[in-house]
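To start, the structure itself, in structure tokens.
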Amino acid sequence: MRSTGVEELDELERIVAAGGSDLEVRAVREIDCGARQFPLYAFGLGNPDPEVPAIGIFGGVHGLESIGAQIVIAYLQSILRRLRWDTTLQRQLERLRLVFVPVVNPGGMWRRTRANPQGIDLMRNAPLESRERVPFLIGGHRFGPRLPWYRGAAAGPMEAEAAAVCQVADEELLGHRFSMVVDCHSGFGLSDRIWFPYAHTVLPIPHLAEMHALLEILDQTHSHHRYVFEPQSRQYLAHGDLWDYLYLRALQRPGRVFLPLTLEMGSWLWVKKNPRQLFSRHGMFNPLIEHRRQRVLRRHWPGSIS
């Protein structure tokens, strides 16, 4: 196996090489990075029957936020190891579908950029306009790829990576009677947050009652969790949010419930504890000291996701 020089991408190749009868692997897209091409992998486990619940776990949408991809990879590896001996987990997967896309943006991760290799922010790339005014730049713009949070050209197609997310959602999640997503990010605030739609409007979602029930379950089963559970619109609005776009598409399927969540790890806390990280672009979004990285991995998997 040829090393990419990026730990997360190399780890995915090791998972693919190890294989196993329980794990379904496919390359949804090939992402062109000029000098290199990288497969965008999706992994499936469990029962594909649309009558059973399905959970999608995504990471690495922004190439700089490698800690999110590490959490998804660690959780996938944990499940694969447990499947060798854990009969309870084996029975659970008879009644559940799990889908993992650990690195949505392999080109950005290889280049260590937030955007994909074309300079486009994948979480601003969906064909969806905010109903209210968004904050300048951060809410998504079309000035050009030299500035962060660039959405892409107005008349252009969705980027390959964003289209791959939609494809996986269509084929693996939205057809199920109940499905949900956890998309792992970092970078906002001092607190860990779980965001749910909407990001493009302050209006409440139709499934607000289901989101409240989900929070009740979280509070009851993880009474000491650290998450602020809220709609993203309470913090800022944005154009082109992928999960808003897919949630709106799911509403067109009667009898189906799709609940997308974004785990937003508060990386400002890591900077507060180690101010030197301010001078590192990677350090703005990831814990650089090893014991803090290990603490983040312990905190977010598997207890708070499984």
* **strands (runs of 3 or more DSSP E) completely within the range 12-64 that count 2 or more residues being within 26 Å of R84 (Cβ to Cβ) and more than 17 Å from the chain's Cα centre (by Cα)** => 24-32, 37-46
* Asked: List the pairs whose first member sits in the range 160-188 and is under 15 Å from V52 (Cβ atoms), whose second member is of a type in the set (K, R) and assigned to a helix (DSSP H, G or I), and whose Cβ atoms are under 9 Å apart, counting only residues at least 6 apart or on separate chains?
  -> L174/R249
* Which ones in the range 230-249 are open to solvent by 10 Å² or more (accessible area, probe 1.4 Å) and more than 15 Å from H185 (Cβ to Cβ)? -> P231, S233, R234, L237, H239, Y245, L248, R249
* Check off (1) buried (at least 17 other Cβ atoms within 10 Å of the Cβ); (2) among the charged types (D, E, K, R); (3) farther than 30 Å from L218 by Cα for R142 and give me the number that stays unchecked. => (1)
* Return yes when V16 is within 19 Å of V99 (Cα to Cα) and in contact with a helix residue (DSSP H, G or I) (Cβ under 8 Å, 6 or more places away or on another chain) and no when it is not. => no
* To do: May I ask you to say which residue of R91, R95, R112 is charged (D, E, K, R) and touching a residue at least 60 places away in the same chain (Cβ under 8 Å)?
  => R112
* To do: Could you tell me whether any residue of the range 105-126 is closer than 16 Å to Q235 by Cα, at pLDDT below 95 and either open to solvent by 20 Å² or more (accessible area, probe 1.4 Å) or part of a strand (DSSP E or B) (or both)?
  => no
* Structure fact -> Of the residues in the range 223-247, those that are in contact (Cβ under 8 Å) with a residue 40 or more places away in the chain and assigned to a loop (DSSP other than H, G, I, E, B) come to H225, R226, Y227, Q235, Y236, L237, A238, H239, G240, D241
* Assess whether L80 counts as being open to solvent by 10 Å² or more (accessible area, probe 1.4 Å), among the hydrophobic types (A, V, I, L, M, F, W, C) and not in a loop (DSSP other than H, G, I, E, B). => yes
* Asked: Got at least one residue in the range 87-102 being assigned to a loop (DSSP other than H, G, I, E, B), out of contact with any Leu (no Cβ under 6 Å at 6 or more places or on another chain) and surrounded by fewer than 23 Cβ atoms within 10 Å (Cβ to Cβ)?
  -> yes
* Asked: Taking Q220 and the conditions (1) outside any loop (DSSP other than H, G, I, E, B); (2) under 23 Å from G56 (Cβ atoms), which numbered condition does it fall short on, given that it satisfies the others?
  -> (2)
* **Counted residues, the range 14-40 - those being in contact with a Phe, Trp or Tyr (Cβ under 9 Å, 6 or more places away or on another chain), open to solvent by 30 Å² or more (accessible area, probe 1.4 Å) and under 30 Å from T88 (Cα atoms)** => 5
* Asked: Of these, A163, A153, A169, which one is surrounded by fewer than 18 Cβ atoms within 10 Å (Cβ to Cβ), part of a helix (DSSP H, G or I) and of a type outside the set (S, T, N, Q)?
  -> A163
* Asked: Consider V202 against the criteria (1) outside any helix (DSSP H, G or I); (2) surrounded by 17 or more Cβ atoms within 10 Å (Cβ to Cβ): it satisfies all of them except one. Which criterion is unmet?
  -> (2)
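The values are calculated or read from the model by the stated rules, or taken from the named source; none is laboratory data. Everything quoted here is computed from the prediction, not taken from an experiment. Positions of Cβ are generated from backbone atoms using ideal geometry, with glycine treated the same way; all protein chains shown enter the neighbour counts. Just so you know, the surface numbers come from the protein's heavy atoms only, side chains and all, with ligands and any DNA or RNA stripped out. Shrake-Rupley method; radii C 1.70, N 1.55, O 1.52, S 1.80 Å.
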